[in-house]
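A short write-up of the structure that comes next.
The values are calculated or read from the model by the stated rules, or taken from the named source; none is laboratory data. Computed from a prediction, not measured in an experiment: that's the story for all the values here. Using ideal geometry, Cβ is built from the backbone for each residue, glycine included, and neighbour counts are taken over all protein chains shown.
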């Protein structure tokens, strides 16, 4: 949970419980889907969806399904990324990963089903106008798809055991993490029916925030506390993965993190004082210790 | 290709080429996506989408993206089903499966990306009204999701090495194959803006046809020609999978196949003489030898 934004995290957990209460799904599929989604985590993405709606003066009830959809896609991507053929991680947030708790086949299918469910709940959200729903679906598919998040994972895998340069690293993280985080902010703008300038401001803020988030992750992989993070410190370095720290060094990475924070805040200028909570959450993201 | 319906198969291949012509997708991801989709196959599902539109008097151009979306979802499900953790198949249609041709990680991600792309092209099909697009997305997500196709695969995997009864077998195939085939027919009715009676007729026809299709597959696994089918004969029996033939015997399975054909045709009565091509394709499906 994000300090100062706990109510959003509590709201999303309730909403995810509702969405994952499916009577017609056989076990262990449903159990694995629930395990992959309801296993903790900071809920940063849905928090950003709610917060962006709130900042733009829109009732949060309109954002519930959108916030769930983003978290379902995020959860599916983690389940698949953890698989033996991918990052081969046995633990996430201090608990066995989905394929360890269940088995590989169930984990693959649970991930598949969570992706499908994300689009299903967006399409069926009758509180939103048809055009709004379609915009959300298009935006999510773009940022989570073959030229967005999945492209990022492909580049990440191909970069294992080989060094990539600073530009390649940023391209990878922009797609793997930045795109989906930026989508959270755009979701708020779409649901609120915001004008183009506001949408673009949210988009730019989201991209900078997404990169800041990833740089911080890479820094925590070196400087963090194992118990707090719930995975071994130095696991990225151990996998010989290129990170912002391995490419730039710790000092330069920290400098880049601060640059991104400045960029993110600057992007919000068109919103004026309404943007305060978005400044606050950006500060949290670079100060966090897990 | 389906005899007498070759023009639909040619059309879908052209359309899939267009949809998979993506400049921003890194290799080998794009290559694996294309390999999984453009590797032959009978194109039964998109043919059914086109045919149902045609029968209901709708321009095929309105059905292009819907036909592609179904085939992308079908292709993604095959890529994932073939994985070592699932059915562990090295060959499909006489060619190496996606994870053999590329690697497991790429195959998993290509499947993921094909699913995303299916929803993306439906959401972006501006030739169709917003409500129509949402209906297609909801229908596809329902039939391909955790209570449909994916549920079928979960039941299938849990039924390996243990016998399931006739009812369980039918439930599995209704979800694993029948739901998506039925969706092809419903897609036609949705795009054509058909009345409820017609939609229901298409739905019932699709369910019966889907089961007939699966029974025929199980029969071909025992009686078919290895070279024609492109996979070893008896591979299902060898995997100790329950099939319509293993559960009912060959004679009874053939009898059930014919029953389903009768049911499928009977469901079409409300359509009158317009339904002729749908009778013809049902006949083809039970007479095919691959």
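In this structure, does residue A:149 turn out to be crowded, with 23+ Cβ neighbours inside 10 Å and more than 26 Å from residue A:31 (Cα to Cα)?
On the way: crowded, with 23+ Cβ neighbours inside 10 Å: yes; more than 26 Å from residue A:31 (Cα to Cα): no.
Against the criterion (crowded, with 23+ Cβ neighbours inside 10 Å and more than 26 Å from residue A:31 (Cα to Cα)), residue A:149 does not qualify.
Within 11 Å of chain B (Cβ to nearest Cβ), in contact (Cβ under 8 Å) with a residue 60 or more places away in the chain and under 21 Å from the mean Cα position of the chain (by Cα): is that true of residue A:148 in this structure?
Details: within 11 Å of chain B (Cβ to nearest Cβ): yes; in contact (Cβ under 8 Å) with a residue 60 or more places away in the chain: no; under 21 Å from the mean Cα position of the chain (by Cα): yes.
Considered against the rule, which asks whether it is within 11 Å of chain B (Cβ to nearest Cβ), in contact (Cβ under 8 Å) with a residue 60 or more places away in the chain and under 21 Å from the mean Cα position of the chain (by Cα), residue A:148 comes out as no.
Tell me which of these residue B:27 doesn't satisfy, since it passes every other one: (1) in a loop (DSSP other than H, G, I, E, B); (2) in contact with a strand residue (DSSP E or B) (Cβ under 7 Å, 6 or more places away or on another chain).
All conditions are met except number (2).
Take the residues of segment B:128-141 that are touching a residue at least 12 places away in the same chain (Cβ under 8 Å) and at the interface with chain A (Cβ under 7 Å from one of its Cβ atoms): which is nearest to residue B:59 (Cα to Cα)? Before you say what the answer is, go through the steps one by one.
Of all residues in segment B:128-141, those touching a residue at least 12 places away in the same chain (Cβ under 8 Å) come to B:128, B:132, B:135-137, B:139-141.
Checking the rest, the ones that are also at the interface with chain A (Cβ under 7 Å from one of its Cβ atoms) come to B:137, B:141.
Details: B:137: 20, B:141: 24 Å.
Here the residue is B:137.
For the structure I just gave you, tell me whether residue B:67 is closer than 27 Å to residue B:156 by Cβ, at pLDDT 95 or above and assigned to a helix (DSSP H, G or I).
Spelling it out, residue B:67 is indeed closer than 27 Å to residue B:156 by Cβ, at pLDDT 95 or above and assigned to a helix (DSSP H, G or I).
Listed residues B:4, B:57, B:41, B:36; which is closer than 27 Å to residue B:91 by Cβ, surrounded by fewer than 21 Cβ atoms within 10 Å (Cβ to Cβ) and in contact (Cβ under 8 Å) with a residue 40 or more places away in the chain?
Details: B:4 fails: closer than 27 Å to residue B:91 by Cβ; B:57 fails: closer than 27 Å to residue B:91 by Cβ; B:36 fails: surrounded by fewer than 21 Cβ atoms within 10 Å (Cβ to Cβ).
Of B:4, B:57, B:41, B:36, the one residue that is closer than 27 Å to residue B:91 by Cβ, surrounded by fewer than 21 Cβ atoms within 10 Å (Cβ to Cβ) and in contact (Cβ under 8 Å) with a residue 40 or more places away in the chain is B:41.
Any residue in segment A:37-58 that is within 14 Å of chain B (Cβ to nearest Cβ), assigned to a helix (DSSP H, G or I) and under 15 Å from residue A:111 (Cα atoms)? Lay out the reasoning, then the answer.
Filtering segment A:37-58 down to residues within 14 Å of chain B (Cβ to nearest Cβ) leaves A:37.
Narrowing further to those that are assigned to a helix (DSSP H, G or I): A:37.
With under 15 Å from residue A:111 (Cα atoms) added as a condition, the list becomes A:37.
Scanning segment A:37-58, I find at least one residue that is within 14 Å of chain B (Cβ to nearest Cβ), assigned to a helix (DSSP H, G or I) and under 15 Å from residue A:111 (Cα atoms), so the answer is yes.
How many residues are touching a residue at least 12 places away in the same chain (Cβ under 8 Å) and more than 10 Å from every other protein chain (Cβ to nearest Cβ) if we restrict to segment B:73-127?
Residues flagged as touching a residue at least 12 places away in the same chain (Cβ under 8 Å) and more than 10 Å from every other protein chain (Cβ to nearest Cβ) within segment B:73-127 amount to 16.
Looking at (1) more than 14 Å from chain A (Cβ to nearest Cβ); (2) surrounded by fewer than 23 Cβ atoms within 10 Å (Cβ to Cβ), which one does residue B:63 not meet, given that it meets all the others?
(2)
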